[in-house]
Amino acid sequence: MDLDLDFVRAQFPAFAEPSLAGQAHFENAGGSYACAPVIARLERFYRARKVQPHGAFSASREAGAEMDEARARLAALLGIGADELSFGPSTTQNVYVLARAFAEMMAPGEAIVVTDQDHEANSGPWRRLAREGIEIREWKIDPETGHLDPADLAPLLDETVRLVCFPHCSNVVGEINPAVEITAMAHAAGAFVCVDGVSLAPHGLPDLGALGADIYLFSTYKTYGPHQGVMAIRRQLAELLPAQGHEFNAGRSSKRFVPAGPDHAQVAACAGIADYWDALHARHFPEEPDAATRAAQVGALMRTHETALLQPLLDYLAGRNDLRLLGPRRAEGRAPTVAVALDRPGAEAAERLAGEGIMAGGGDFYAHRPLGAMGIDPAHGVLRLSFVHYTTAGEVERAIAAMDAAL
């Protein structure tokens with residue numbers, strides 16, 4: 001089944017916005033366009049529900065109900081309980097809170113495994129715990145390919161390791177890591193697992209029940225919603241970790257790891273992400289299975305479309321001798337987040353592409369560790385072209401033509 005791209009693009013007001021006309025969005029890894037249901041819910045909340053939620057009067061009750069709806073519906077799409085999902089202001093902030101919880105639970109001399117493939121959000125906060133006597137072990141990537149080999153994790157695991165942190169997909173390497181296999185290895189060693197899904201979730205929400213990770217993180221502003229961070233924590237681990245919110249909220253799962261309340265309107269608007277996923281499913285499938293199955297079917301449609309568009313771009317870049325393509329050269333097994341190292345700084349290359357109507361990114365993308373591990377100066381940076389399921393084949397062709405003109 002082919003993705004109905006006309007229907008998809010009709011759900012995004014940005015494609016009818018005059019100020020964006022003639023430009024192709026290739027910096028989706030930094031933030032996707034918001035879908036219409038999210039925008040509508042956000043506007044309605046600010047217009048009619050902008051009061052303290054969960055109170056006695058009707059506007060307050062409705063505000064709280066919309067926030068609860070967002071949590072319940074996103075959790076269902078992810079295959080977890082609503083009590084296992086929390087919202088925070090960003091993924092980075094959520095990891096900082098988690099790091100404080102683990103610092104209270106762990107003893108000096110115990111260890112955490114991190115990678116040098118991570119975006120800084122799922123690396124820096126954990127590494128800071130070394131100041132408190134926690135041992136930090138680094139699982140290193142291949143400096144040529146950026147590949148994170150599970151075989152290299154095994155020697156790092158022993159009875160002192162309490163947590164293994166890794167990305168489901170790197171925001172510069174693009175390769176999708178075998179999260180189920182890695183999680184099983186860590187669990188066999190007695191360790192918990194924290195997966196950064198920020199770069200994968202825009203291409204299909206994961207089934208967290210099947211994945212098995214203890215913590216899964218992603219950002220809703222990259223999954224067609226507002227600027228919030230989603231933190232899924234398995235119930236058993238959440239009950240074990242010391243609470244980080246207000247003392248009187250320690251028994252409330254949705255607030256246990258939220259020291260400061262997130263934006264109520266943006267939480268409520270996240271239900272619009274579920275609205276969009278359900279609309280896509282209804283457009284393409286006659287039956288209506290459970291939410292997690294709907295999410296999987298929609299995700300498969302997205303990935304099929306993205307894979308078909310990605311391979312021509314990879315072939316073009318791999319055929320040039322004036323740049324270094326990071327990550328796998330086959331579209332299968334990687335996300336459409338494509339970084340290239342050039343003689344000129346990445347930001348300069350992005351400026352040239354902007355002149356051709358291509359909105360791409362240039363810089364280090366908070367991925368200075370993987371770039372440095374691959375011998376690329378983070379200050380020099382890379383050029384990154386990233387797209388999602390609403391991108392057209394014509395836009396990819398335009399990006400290729402713009403690369404020829406600009407580089």
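The values are calculated or read from the model by the stated rules, or taken from the named source; none is laboratory data. Being a predicted model, the structure only gives us computed values, none of them experimental. Don't worry about glycine lacking a Cβ; one is built from the backbone with ideal geometry, like all the others, and counts go over all protein chains shown. Accessible surface areas use protein heavy atoms only, side chains included; no ligands, DNA or RNA. Shrake-Rupley method; radii C 1.70, N 1.55, O 1.52, S 1.80 Å.
General remarks:
- The mean sequence distance of close C-alpha pairs (under 8 Å, at least 6 residues apart), as a share of the length of the chain, puts its relative contact order at 24 percent.
- Spin-label model, residue 7 to residue 160: label points 7 Å out along the Cα-to-beta-carbon direction sit 5.6 nm apart.
- Global size of segment 41-111: 16.7, 53 Å for Rg and Dmax (C-alpha atoms, Rg to one decimal, Dmax whole).
- Kyte-Doolittle at least -1.0, axis length at least 15 Å by Cα - qualifying DSSP helices, the chain: 36-48, 58-78, 91-105, 271-284, 291-318, 393-406
- Amide H contacts of residue 34 (H built 1.01 Å from N, under 5 Å, at least 5 apart or other chain): none
- Ellipticity at 222 nm from helices only: DSSP H runs of n ≥ 4 in the chain, each -39500 (n - 2.57), divided by the residue count, give -11500 deg cm²/dmol.
- Karplus-derived 3J(HN,Hα), 6.51/-1.76/1.60, for each residue of segment 216-221, Hz, glycine and proline x: 9, 10, 7, 10, 6, 6
- Counting only DSSP beta bridges whose two residues both lie in the chain, roughly 50 percent are antiparallel.
- Within the straight-line cut-off of under 29 Å between alpha carbons, the lysines reachable from residue 140 are 222, sequence neighbours fewer than 8 places apart in one chain being disregarded.
- Amide H contacts under 5 Å for residue 334, placed H, 5+ residues apart: 176
- Calculated FRET efficiency for the pair residue 377/residue 151, C-beta based, R₀ 35 Å, to 0.05: 0.75
- Å² of accessible area per residue within the chain, as computed with a 1.4 Å probe and no ligands counted: 39 Å²
- Values of log10 I(q)/I(0), in the order q = 0.13, 0.14 Å⁻¹, for segment 1-126 under a Debye, Cα-only, solvent-free model: -0.89, -0.99
- Calculated on C-alpha atoms, the gyration radius of segment 227-296 divided by its Kirkwood radius gives an Rg/Rh of 1.10.
- Rounded, prolate or oblate (a/c below 1.5 giving rounded, otherwise prolate when a/b exceeds b/c) for the chain by Cα gyration tensor: oblate
- Stretching the chain fully between residue 21 and residue 47 yields a gain of 6.5 nm (0.36 nm per residue, less the alpha carbon separation).
- Within segment 27-42, backbone nitrogen closer than 19 Å to the virtual label 7 Å beyond the Cα of residue 82 toward Cβ: 41-42
- Accessible-area composition of segment 1-60, carbon plus sulfur, in percent [1.4 Å probe]: 55 percent
- R0 of 22 Å, Cβ-Cβ distance residue 138-residue 235: FRET efficiency to nearest 0.05: 0.15
- Simple spin-label estimate for residue 260 and residue 184 gives 4.2 nm between the two label positions (7 Å along the Cα-to-Cβ direction from each Cα).
- DSSP beta bridges in segment 42-274 [antiparallel fraction, %, rounded to 5]: 40 percent
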